[in-house]
Amino acid sequence: MLDVAVARARILEKISPCGPETVSLADATGRILVEPVVARLSNPPVSVSAMDGYAARTEDAIKGAVLTVTGEAPAGHPTTQHIAPGTCIRVFTGSQIPAGTSTIILQENVIREGESISLQTSSDEQQFIRRQGKDFQKGQTLLSAGKRLTARDIGLAAAAGYTWLSVAQRPRVGILSTGDELTLPGDPTQPDSIVNSAAFMVSGLLRTVGAEPVILPIARDNHTALASALAHTTRFDLFITIGGASVGTYDIVQDALKAHGLSLDFWKIAMRPGKPLMSGQIQGTPIIGLPGNPVAAMVCSVIFVAPAVHALMGQPVSADIESENAILGADVRQNDHRQDFLRCTLVKKPESDLPVAVPFDSQDSAQLCILSQSDALLLRAPGAPLAQAGTPCRIIRLP
Ligand SMILES: Nc1nc2c(c(=O)[nH]1)N[C@H]1C(S)=C(S)[C@@H](COP(=O)(O)OP(=O)(O)OC[C@H]3O[C@@H](n4cnc5c(N)ncnc54)[C@H](O)[C@@H]3O)O[C@H]1N2
Ligand code: MOO
């Protein structure tokens with residue numbers, strides 16, 4: 001059985017990025033930027049007033065002074081007038097400041113009578129002036145390639161003069177569930193029916209990491225059904241099967257994939273849950289065969305499928321699993337030869353910065369309730385000795 005990091009490396013090394021596409025700003029949130037955003041405009045484009053008030057010369061803006069209002073410059077309607085000594089120009093938040101302005105007098109700090117204002121306080125040099133380019137300058141790199149775009153980034157790109165952005169294509173991922181006992185959520189059930197929870201869970205994870213999942217019709221446990229389902233594999237950037245990966249008489253997915261041209265890279269990993277995971281390619285399309293137990297399918301998706309999607313979007317991914325420090329919240333026994341991913345909750349204790357990871361007593365890979373309640377996977381390396389509560393451990397937070 002293969003080591004987890006070796007298996008990850010072997011999956012990742014076979015993946016080529018899908019390439020870029022151009023999307024409108026409105027569709028770009030959550031996407032991976034492929035080309036940097038370099039400001040095409042400065043922000044603000046010109047120096048503007050930050051308040052409603054009067055543009056003036058600082059030397060005139062003295063408490064007790066009376067200034068003549070010589071004009072008005074609303075936002076979007078700049079004036080060509082200069083500020084002459086003893087005068088001011090009415091401005092508003094966002095107004096381009098008139099030539100000669102060195103301070104903005106706040107509206108609340110004056111008494112206006114007709115075309116003159118008397119100042120109740122003095123104003124400081126440059127007060128309430130937003131200088132041209134204070135936020136960013138034309139030509140400045142604002143967002144780097146590889147960044148996952150937030151709504152805030154979209155606002156920044158819009159202000160910088162962009163309408164379209166070059167982003168990584170969303171990998172299209174086909175999900176084929178197999179099994180005579182499976183039904184779709186909402187379909188009529190037999191007494192022994194199992195609802196296809198795994199496909200929807202894996203699909204949800206795929207969406208979270210930026211892929212476009214396609215849930216295919218369930219394939220029954222026979223070669224004819226599987227053969228017709230597998231006809232679609234190469235339409236996808238990644239093809240996932242769920243179930244039929246183990247050694248039972250009806251676990252025929254691998255045979256069906258081979259009959260369809262699968263070049264098998266590996267089958268079986270030294271991990272729990274997830275042992276029967278399989279990986280290969282059909283005509284260049286990467287195939288990952290997930291175990292049917294839904295918790296195993298999800299854990300394998302977090303460990304192998306999500307990184308594969310990142311790689312398809314051109315993001316750097318390490319073969320080693322990214323984990324973080326935590327404190328063990330219960331004694332755990334010595335591990336055997338398989339890497340364990342124990343479902344656990346994380347508890348915050350006031351005396352420590354690190355979360356305390358408390359594994360569930362039951363680690364059955366069919367228990368969706370426990371999976372749903374879990375915050376993280378507690379890592380136990382192959383052969384790890386007995387570990388006591390209070391000692392350091394490593395965890396992976398669940399998405
Ligand atoms: N003799 C052995 N038996 C098993 C072994 C083994 O090494 N020797 N491995 C066990 C492990 S580990 C796992 S995991 C499972 C995986 O088996 P398969 O991938 O062949 O999955 P199935 O047999 O098709 O199903 C297992 C289980 O999961 C349910 N299932 C399947 N698909 C779904 C789905 N889409 N949504 C929800 N539930 C699903 C299915 O009804 C079964 O109950 O094999 C062990 N056995
Ligand atoms: O992958 Mo299995 O879930 O180890 O039982």
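Which one is farthest from I15 (Cα to Cα) among residues in region 178-215 that are over 23 Å from the mean Cα position of the chain (by Cα) and within 16 Å of ligand 2 (Cβ to nearest atom)? The extreme case among them is I194. Applying the condition of being away from ligand 1 (no atom under 16 Å from the Cβ) and among the hydrophobic types (A, V, I, L, M, F, W, C) to region 297-312 and asking which residue is farthest from P213 (Cα to Cα) yields A311. Evaluate the following for A357: is it under 24 Å from the mean Cα position of the chain (by Cα), closer than 11 Å to I396 by Cα, buried (at least 19 other Cβ atoms within 10 Å of the Cβ) and of a type in the set (A, V, I, L, M, F, W, C)? No, not satisfied.
Screening region 217-244 for residues that are in a loop (DSSP other than H, G, I, E, B) and in contact with a helix residue (DSSP H, G or I) (Cβ under 6 Å, 6 or more places away or on another chain) and picking the one that is surrounded by the fewest Cβ atoms within 10 Å (Cβ to Cβ) gives D237. Within region 248-294, being crowded, with 16+ Cβ neighbours inside 10 Å, away from ligand 1 (no atom under 16 Å from the Cβ) and among the aliphatic types (A, V, I, L, M) holds for one residue alone: I282.
Taking region 36-105 and the strands (runs of 3 or more DSSP E) fully enclosed by it, the elements with 2 or more residues that are polar (S, T, N, Q) are at 66-73.
Among the conditions (1) under 30 Å from V302 (Cβ atoms); (2) surrounded by fewer than 21 Cβ atoms within 10 Å (Cβ to Cβ); (3) outside the structural domain of V305 (by TED's automatic domain parsing), R10 misses just one, which is (3).
Name the residue that is farthest from P307 (Cα to Cα), counting only residues in region 16-32 that are surrounded by 14 or more Cβ atoms within 10 Å (Cβ to Cβ) and in contact with a strand residue (DSSP E or B) (Cβ under 6 Å, 6 or more places away or on another chain). Here the residue is V23.
Among the residues of region 185-228, just one is touching a residue at least 60 places away in the same chain (Cβ under 8 Å), closer than 18 Å to F304 by Cα and polar (S, T, N, Q), namely T208. Please enumerate the residues belonging to region 328-350 that are touching a strand residue (DSSP E or B) at 6+ places or on another chain (Cβ under 9 Å) and surrounded by fewer than 12 Cβ atoms within 10 Å (Cβ to Cβ). Of everything in region 328-350, those that are touching a strand residue (DSSP E or B) at 6+ places or on another chain (Cβ under 9 Å) and surrounded by fewer than 12 Cβ atoms within 10 Å (Cβ to Cβ) turn out to be R333, Q334, K348, K349. Just one of the listed residues (A319, A306, A259) is under 28 Å from the mean Cα position of the chain (by Cα), of a type in the set (G, A, S) and in the same structural domain as A219 (by TED's automatic domain parsing), and it is A306.
Being of a type outside the set (D, E), in a strand (DSSP E or B) and closer than 23 Å to T285 by Cα is the filter here, so list the residues in region 1-35 that pass it. L2, P20, I32 - these are the residues of region 1-35 that are of a type outside the set (D, E), in a strand (DSSP E or B) and closer than 23 Å to T285 by Cα. If we scan region 177-190, do we find a residue that is closer than 30 Å to P20 by Cα and assigned to a strand (DSSP E or B)? Looking for residues that are closer than 30 Å to P20 by Cα and assigned to a strand (DSSP E or B), one finds at least one in region 177-190, hence yes. Hey, can you tell me all the residues within region 47-74 that are small (G, A, S) and surrounded by 14 or more Cβ atoms within 10 Å (Cβ to Cβ)? Across region 47-74, the qualifying residues are S47, S49, A50, G53, A55, A56, A61, A65, G71, A73. Restricting to region 297-346, name every residue that is assigned to a loop (DSSP other than H, G, I, E, B), away from ligand 2 (no atom under 16 Å from the Cβ) and charged (D, E, K, R). Matches in region 297-346: D320, E322, D331, R333. Within region 208-215, is even one residue in contact with a strand residue (DSSP E or B) (Cβ under 6 Å, 6 or more places away or on another chain) and at pLDDT below 95? No, that holds for no residue. Within region 44-94, being among the small types (G, A, S) and farther than 15 Å from T121 by Cβ holds for S47, S49, A50, A55, G71, A73, A75, G76, A84, G86, G94. Among the residues of region 329-346, the ones that are out of contact with any Asp or Glu (no Cβ under 9 Å at 6 or more places or on another chain), more than 20 Å from I303 (Cα to Cα) and not charged (D, E, K, R) come to 2 in all. Scanning region 245-273 for residues that are more than 16 Å from ligand 2 (Cβ to nearest atom) and in a loop (DSSP other than H, G, I, E, B) yields a total of 6. For C393, the conditions (1) under 27 Å from the mean Cα position of the chain (by Cα); (2) over 21 Å from V202 (Cα atoms); (3) without any contact (Cβ under 8 Å) to a residue 40 or more places away in the chain all hold with the exception of (3).
The values are calculated or read from the model by the stated rules, or taken from the named source; none is laboratory data. On a predicted model such as this, the values are computed, not experimentally measured, just so you know. Counting neighbours? That spans all protein chains shown, and the Cβs are built from the backbone with ideal geometry, glycine included.
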